[in-house]
Structures are given as structure tokens and as C-alpha cells.
1. Can you work out which of the residues in the stretch 48-67 that are among the hydrophobic types (A, V, I, L, M, F, W, C) and modelled with pLDDT of 90 or more is nearest to Gln243 (Cα to Cα)?
2. Test each condition in (1) among the β-branched types (Val, Ile, Thr); (2) over 23 Å from Ser101 (Cα atoms); (3) touching an Asp or Glu at 6+ places or on another chain (Cβ under 8 Å); (4) touching a residue at least 40 places away in the same chain (Cβ under 8 Å) for Val182 and report the one that comes out false.
3. Name the pairs whose Cβ atoms lie under 7 Å apart, with the first residue in the stretch 24-53 and under 22 Å from Gly285 (Cβ atoms), the second modelled with pLDDT under 90 and part of a loop (DSSP other than H, G, I, E, B), and 6 or more positions between them or separate chains?
4. Just to be sure before I move on: is Ala256 touching a Pro at 6+ places or on another chain (Cβ under 8 Å) and part of a helix (DSSP H, G or I) in the structure I sent?
5. I'm trying to understand the selection: among the residues of the stretch 24-64, which are aliphatic (A, V, I, L, M), more than 21 Å from the chain's Cα centre (by Cα) and assigned to a helix (DSSP H, G or I)?
6. Quick check, is Gly250 on the phi > 0 side of the Ramachandran plot and either at pLDDT 85 or above or surrounded by fewer than 22 Cβ atoms within 10 Å (Cβ to Cβ) (or both)?
7. Output the residues belonging to the stretch 107-141 that are hydroxyl-bearing (Ser, Thr, Tyr) and more than 12 Å from Ala180 (Cβ to Cβ).
8. Mind checking which residues of the stretch 82-112 are touching a Phe, Trp or Tyr at 6+ places or on another chain (Cβ under 8 Å) and over 18 Å from Ala47 (Cβ atoms)?
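The values are calculated or read from the model by the stated rules, or taken from the named source; none is laboratory data. Just so you know, these numbers come straight off a predicted model, no measurement behind them. Heads up, the Cβs are rebuilt from the backbone with ideal geometry, glycines too, and the neighbour counts pull from every protein chain shown.
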Amino acid sequence: MTTLSPSAAPGTLRYQLAEFWGSFSASRGALVGLLFITFILLIALFAPWVAPHDPALQNRDAFLVPPVWHAEGSWRYVLGTDAVGRDVLSRLIHGARFSLSISAMVVVLSMAVGIFLGLLAGYFRGWLETVITRLMDVVLAFPSLLLALGLVAVLSPGLTSAMIAIALVQLPYFVRLTRAAVIGEKDREYVTASRLAGAGHGRLMFNTLLPNCMAPLIVQATLSFSTAILDIAALGFLGMGVQPPTPEWGAMLANAREFMGSAYWAVTFPGLVILLTVLMINLMGDGLRDALDPKLKRS
């Protein structure tokens, strides 16, 4: 049972935040995920000061230097170097900045458009709902990575094209969640009272309905963030996303794949960072789901 502060009266913002934190912190996995993601975000934010080397700097005398725990390793390159003498640790640190910022922009874009379309579909219903839901069904009919690859190929490989493609792939989830939440809330008493008070369609959708539909959307945004990281890495690995020499985790894997047998560190560390980041975001998403869904809150 979560103990709340006596000064936090039920219904106040302080009470709600305390209740949310009590439910969220009850999950150790969610707390570990939050701490890890906070650490990665701080590393990405201060990358120019934390990274020991310039991520694009090539040292011709340090090709495929192993990590420091090998006999041939050096403290100058703690995690070793890649095939052209670039520091793996520095590229991982700067890669966090690119991978996380790109994924965040993708989620914000798909969430904004998805919420708007979902509000229209759930509020007005009729032919508009049919058109929007059928379009989303068409997007969902394609494998997500295949659709993203096709869009990037049409738009030309690059960062902007990858962001647009992945945002479109993520769009149906936000549209469907918003539409379902709006349909469930539309006929409640508080919406009827706002309508009788003279609220217009825009006010009803964005001021009355949307705040009460945000809980599942926040959880979906968290999970979509991890999916976007994987998709960005996949497009970078296939040469259709971020282009060299930009230090992006998927591109690092692609550049090092031919050295998997002779220089495992060039492949292992980018893959491990992707794995841990996605895992921790998913753990945090599970904690958010438990904290925001009253049916799943722990007693």
C-alpha cells in the first residue's frame, strides 16, 4: 500500500502525482528502466564533453584496436576502435544523441498527427471515420520495416526520409487508440454538460475529450519510442537511414558487420546498447501502464 503525504488532499495535483509515483515505483523494473534511460539521456545531452574523442576522427595508427581488457588494448580507446581507427566509445556516446533525438522526433510527429486524426474519427464518426480507419488498415497491412524501406526508397535515403517513413508506420497505433478512447468518453456526462454549456466542436475535442484520453497514448508513445529506435537502427544498418560518417547505432553495426569474426567489439557494443535501451524503455512503459491504468494499479 502506498503511503501518501497527509498534506496531499485527494483530488489535488500533488495527490495525483504522489499516487502516480507510488504505483510507478512499485515496479522495480520500471525504476531500473527510468534510471537507465535518464543516464542515457544525460550522456546524449553532454556528449561533446563526455566523449573522449571526436567520433569522426580517424587514427591511421589505431585500426581495430581491441578493448582495454585485451593485451593489445589501450586506455586511450577503452572499448577499442573500428576499421578506420575511430573510437567506439565516442561513437556510441554521440550515437545516443542521434538515435534518441531522431526517435523522439518521430514519436512526436506520429503522435501529433495520430491524435488529430483519431479525434476526428472518434468524434464525428460516419464517412470520415470510415475513410481514416480504412487508410490506417492499409498501412497496418504492410510489414512495418518493409513499408518504411519502400517509403525511404521512394523519398531517397537519408535522415529526413527515414523519419517520415517511421512516423507513418507508427501512425495507425495512435489513431486507433485515440479513436477508441474518444468513442468511450464521448457520451459521458461531463462531455454532455460541456456541450450544453455551449462548447464548440474544437473545444469539446481538444479541451474536454483529449485530456481524458491521454493515459493510453502516453504508454503507447513510450513503447513507440523503443520501436522507433529499432526501426532507425534497422534502416541505418541497411544503408537507408542515417548516412556515414554520422555516428548512429544501426550504421555502426552495418560498418562493422564484416569484422564480426576478427573484431567482435565493433559489432557487440552497438548491438548491446540498442538491446539495453529498448529493453529499459519497454520496462518503463510497463510501469507507466500500471500507474496510469486504474484497473492495473497495485493495491
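1. The qualifying residue nearest to Gln243 (Cα to Cα) is Ala51.
2. Just one mismatch for Val182, condition (3).
3. Ala26/Arg298
4. yes
5. If the condition is that a residue be aliphatic (A, V, I, L, M), more than 21 Å from the chain's Cα centre (by Cα) and assigned to a helix (DSSP H, G or I), then Val50 is the only one that fits.
6. no
7. Residues satisfying the conditions are Ser110, Tyr123, Thr130.
8. Passing the criteria: Ala83, Val84, Gly85, Val107, Ser110, Met111.
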